[in-house]
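Colleague: Have a look at this one before I ask anything.
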Amino acid sequence: MLLRTQDEIMAKWPQNAEPLVCIRCTAFNQEKFIAQCLEGFLIQETDFPFEVIAHDDASSDRTGEIIREYAAKYPKIIKPYIETENQWSKNDGSFTRVMDSLTTRKYVGMCEGDDYWIDPHKLQTQIDFLESHPDYTMTFHDAEIKNEPGVEPVDSVYPPMADRDYTATALFEKWTVPTASMVYLRKIRDYPIKNPLNIMNGDIFLVEKCAHMGKIRCFNKKMCVYRRQPGGVTWDQSKQIQRL
C-alpha cells in the first residue's frame with residue numbers, strides 16, 4: 001500500500017475547500033489491478049482538493065474489499081460505492097445514472113479500474129489549463145500501453161498525438177483519446193444524446209459533446225497507462241458481441 005499519508009496528499013489544499021475534481025473510477029472483478037489504479041490517484045500533487053468515486057459494480061472477487069481498505073486509510077479522498085447488484089448488466093442506463101449522481105464537482109477525471117495514472121502532475125497540469133482557458137471543455141494526453149498475457153502485444157492503439165487542439169471531426173475519424181487521460185467539465189454530461197441506450201462506446205459521444213460545446217486540448221505526454229487484458233470490455237470479443 002502507498003506510504004504517502006492523507007495529510008501529505010492534502011498539504012497544499014485550501015482548508016475546508018470543496019473538491020474541484022471528481023475522479024470516476026469504475027471497477028468490476030479487477031482485484032489484480034485496482035490497488036495500482038487507486039495509488040495512481042494518490043500520487044497526485046495538487047493545490048486543489050479532489051475526490052475519487054470508486055465504484056465497484058458487485059464484483060465477485062476482492063475488488064470491493066480492496067477499495068474499502070484504501071477508503072479507510074484515505075477517507076477524505078476515496079469515496080467507495082459498492083454495489084450489491086450489478087448495474088452494467090441491466091443494459092437500461094442504471095450504471096450511468098448511478099455514476100452521474102455521484103459526480104457533482106466542476107471537473108471530472110476518468111480512469112477505469114484496470115488502468116492507472118503514472119505522472120504525479122497529471123491532474124494539476126490539466127486543471128491549470130482548463131481553469132485558465134474557459135473556452136475549453138476537455139483535455140487529454142497520450143498513454144503508455146501495457147499488454148497483459150492473453151492479448152496480442154502492440155506498441156500503441158492510438159495515432160501519434162501532438163500538443164494542439166483537436167476538432168470533433170479529427171477525434172471521430174481516428175479515435176485518439178485514452179479514457180484514463182480525460183479531464184473535462186462536469187456540465188458536459190448534462191448535454192442530451194438521442195437514443196443513449198443504443199450507444200456502444202459512450203466515451204466517443206462524451207468527447208464529441210465536449211468538442212461541440214468548446215475546445216479540446218491534447219498534451220503529447222504519456223501520463224497514464226492503458227492496460228490491454230483479456231477481461232477488458234474493449235478486447236474481449238464475447239463482450240463486444242454481447243454489447244452489439
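Colleague: If HIS141 passes every condition in (1) under 23 Å from GLU18 (Cα atoms); (2) surrounded by 16 or more Cβ atoms within 10 Å (Cβ to Cβ) but one, which one does it miss?
Modeller: Checking HIS141 against (1) under 23 Å from GLU18 (Cα atoms); (2) surrounded by 16 or more Cβ atoms within 10 Å (Cβ to Cβ), the one that fails is (1).
Colleague: Mind checking whether some residue in the range 96-107 is under 24 Å from LYS221 (Cα atoms) and not basic (Lys, Arg)?
Modeller: Looking through the range 96-107, at least one residue is under 24 Å from LYS221 (Cα atoms) and not basic (Lys, Arg).
Colleague: Here's something else I'd like to know. For a quick check of your reading of the model, give me the residue pairs whose first member lies in the range 14-43 and is at positive phi, whose second is of a type in the set (Gly, Ala, Ser) and open to solvent by 50 Å² or more (accessible area, probe 1.4 Å), with beta-carbon atoms closer than 7 Å and at least 6 apart or on different chains.
Modeller: Listed by first residue and then by second, the contacts come to ASN29/SER60.
Colleague: Under 20 Å from TYR116 (Cα atoms), modelled with pLDDT of 95 or more and open to solvent by 70 Å² or more (accessible area, probe 1.4 Å): is that true of TYR70 in this structure?
Modeller: Against the criterion (under 20 Å from TYR116 (Cα atoms), modelled with pLDDT of 95 or more and open to solvent by 70 Å² or more (accessible area, probe 1.4 Å)), TYR70 does not qualify.
Colleague: Output the residues belonging to the range 201-218 that are closer than 12 Å to MET182 by Cβ, open to solvent by 20 Å² or more (accessible area, probe 1.4 Å) and not in a helix (DSSP H, G or I).
Modeller: Once the filter is applied, which keeps residues that are closer than 12 Å to MET182 by Cβ, open to solvent by 20 Å² or more (accessible area, probe 1.4 Å) and not in a helix (DSSP H, G or I), the range 201-218 yields only ARG217.
Colleague: Considering only the range 73-94, how many residues are open to solvent by less than 40 Å² (accessible area, probe 1.4 Å), within 19 Å of the chain's Cα centre (by Cα) and at pLDDT below 95?
Modeller: 4
Colleague: May I ask you to list the residues in the range 120-138 that are touching a residue at least 24 places away in the same chain (Cβ under 8 Å) and either open to solvent by 30 Å² or more (accessible area, probe 1.4 Å) or over 30 Å from PRO230 (Cα atoms) (or both)?
Modeller: The answer is PRO120, HIS121, GLN124, THR125, GLN126, ILE127, PHE129, LEU130, HIS133, ASP135, TYR136, THR137.
Colleague: Same structure again: Any idea how many residues of the range 95-117 are hydrophobic (A, V, I, L, M, F, W, C), out of contact with any Cys (no Cβ under 6 Å at 6 or more places or on another chain) and either open to solvent by 20 Å² or more (accessible area, probe 1.4 Å) or modelled with pLDDT of 95 or more (or both)?
Modeller: Qualifying residue count, the range 95-117: 4.
Colleague: Quick check: anything in the range 145-167 within 14 Å of the chain's Cα centre (by Cα) and either closer than 22 Å to LEU38 by Cα or in contact (Cβ under 8 Å) with a residue 12 or more places away in the chain (or both)?
Modeller: Scanning the range 145-167 turns up no residue that is within 14 Å of the chain's Cα centre (by Cα) and either closer than 22 Å to LEU38 by Cα or in contact (Cβ under 8 Å) with a residue 12 or more places away in the chain (or both).
Colleague: Of the numbered conditions (1) open to solvent by 30 Å² or more (accessible area, probe 1.4 Å); (2) at pLDDT 95 or above; (3) part of a helix (DSSP H, G or I), GLY40 satisfies every one except a single condition; which is it?
Modeller: Failing condition for GLY40: (1).
Colleague: Moving on to the next point. Going through the range 148-196 one residue at a time, which ones are of a type outside the set (D, E, K, R), surrounded by fewer than 16 Cβ atoms within 10 Å (Cβ to Cβ) and over 18 Å from ARG228 (Cα atoms)?
Modeller: PRO160, ALA162, THR167, ALA168, THR169, ALA170, PHE172, TYR191, PRO192, ILE193, ASN195, PRO196
Colleague: Just give me the residues in the range 164-177 being modelled with pLDDT under 95 and touching a strand residue (DSSP E or B) at 6+ places or on another chain (Cβ under 6 Å), in sequence order.
Modeller: The answer is VAL177, and nothing else.
The values are calculated or read from the model by the stated rules, or taken from the named source; none is laboratory data. Small disclaimer: the values here were computed from a predicted structure and weren't measured. Positions of Cβ are generated from backbone atoms using ideal geometry, with glycine treated the same way; all protein chains shown enter the neighbour counts. Ligands, DNA and RNA are excluded from the accessible area calculation, which covers all protein heavy atoms including side chains. Shrake-Rupley method; radii C 1.70, N 1.55, O 1.52, S 1.80 Å.
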